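See below for the structure under consideration.
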Amino acid sequence: MLPIQIEEIPSEIQEYLSKINSLRFPRQGYSSNVGLIENNQGFYALKRTKGKLNCSLLNREVKVINCLTHETKLPIPKVKKFVEQNSQKESWALIEFIEGETLRTALLNEKGKEKRQEIIFNFGNLLWQIHSTPCPNELIGERPWLDQMLYQPELNLKKYNVDGTEDLLKKIKSIKPKVYNQTLIHGDFTIDNVLVSNGLITGVIDWGGGAYGDPRYDVSLAIRPKPNAFENEIDKQIFFEGYGGKIIDDNVYDYFVKGLYEFF
């Protein structure tokens, strides 16, 4: 999608901001345009989605954020304004800006061994805090989370370009892991969705997958190997120390990362 132009921003958001001093663009997501706005009061993140599917995803994320910012103390940016433009099939969300770089960037730039390990420990501990937070009733689905997640790949396989295949879908449906106690989950807890400033974690973003679900999914995505992150067992060990224990084995990790996640 093309970058957001100031004149495209809905009047409700422009009125809330009063005056826009600058608009710049970070690395873009797959399903939305993201702009960083500065006005006289500070900074905001502005998300725009187009089309029925992407708009429904942003609507879902706004719902999750509003639930969690009202009912928990997790470090989540608040939604300031949400506008649905049904005639244009667009949705807009003005979200509180949280200072920081992604955890991926922080680990890439951090040269100190102890500080780097501290960041990874805190990453694990933050996920434990999320999983220990009571899940708001509004986010608890009628069907078990994994059953719902296994229904979605069929649709994604038909409509979108995903890495998964029909054979892989049959496989993950036939070898579901044993049932595990569900908790509040983030749904995409990766090193790109956690922000760090001066070595300290400042926030968690992109809550569109937030739900009452299987915490092993979050854990599995969190420790996927990336350049200079979780490429060795020491990083994983430190992460699990922060989390408070290891709740997955290699089979569960493969099921979620090399199986289910291939369809999303």
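The values are calculated or read from the model by the stated rules, or taken from the named source; none is laboratory data. Only a predicted model underlies this, so the values are computations on that prediction, with no experimental measurement involved. With ideal geometry, Cβ positions are generated from the backbone for all residues, glycine too; neighbour counts draw on all protein chains shown.
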Does segment 138-185 hold any residues that are over 14 Å from Tyr261 (Cα atoms), in a loop (DSSP other than H, G, I, E, B) and small (Gly, Ala, Ser), and which are they? Gly141
Check Pro77, Pro26 and return the single one that is in contact with a Gly (Cβ under 9 Å, 6 or more places away or on another chain), free of Cβ contacts under 8 Å to residues at least 12 places away in the same chain, not in a helix (DSSP H, G or I) and not assigned by TED's automatic domain parsing to the domain that holds Gln129. Pro26
Quickly run through segment 89-109 and pick out the residues that are crowded, with 17+ Cβ neighbours inside 10 Å and under 23 Å from Asn228 (Cα atoms). Gly100, Thr102, Leu103, Arg104, Ala106, Leu107
Subset of segment 14-72 [surrounded by 15 or more Cβ atoms within 10 Å (Cβ to Cβ) and among the acidic types (Asp, Glu)]: Glu38, Glu61, Glu71
Kindly indicate whether Ala229 is in contact with a Phe, Trp or Tyr (Cβ under 8 Å, 6 or more places away or on another chain), not acidic (Asp, Glu) and not assigned by TED's automatic domain parsing to the domain that holds Arg60. no
Looking at Leu46, is it assigned to a helix (DSSP H, G or I) and either farther than 26 Å from Ile9 by Cβ or within 18 Å of the chain's Cα centre (by Cα) (or both)? no
Of the residues in segment 110-137 that are free of Cβ contacts under 8 Å to residues at least 24 places away in the same chain and outside any helix (DSSP H, G or I), the one that is surrounded by the most Cβ atoms within 10 Å (Cβ to Cβ) is Gly112
Would you mind telling me which numbered condition in (1) closer than 17 Å to Gly208 by Cβ; (2) surrounded by fewer than 19 Cβ atoms within 10 Å (Cβ to Cβ); (3) among the aromatic types (Phe, Trp, Tyr) Phe82 fails? (2)
Give the residues of segment 50-72 that are among the aliphatic types (A, V, I, L, M) and free of Cβ contacts under 8 Å to residues at least 60 places away in the same chain, sorted by residue number. Leu53, Val62
From Asp192, Asp206, Asp188, Asp218, grab the single residue that is touching a strand residue (DSSP E or B) at 6+ places or on another chain (Cβ under 6 Å) and assigned to a loop (DSSP other than H, G, I, E, B). Asp192
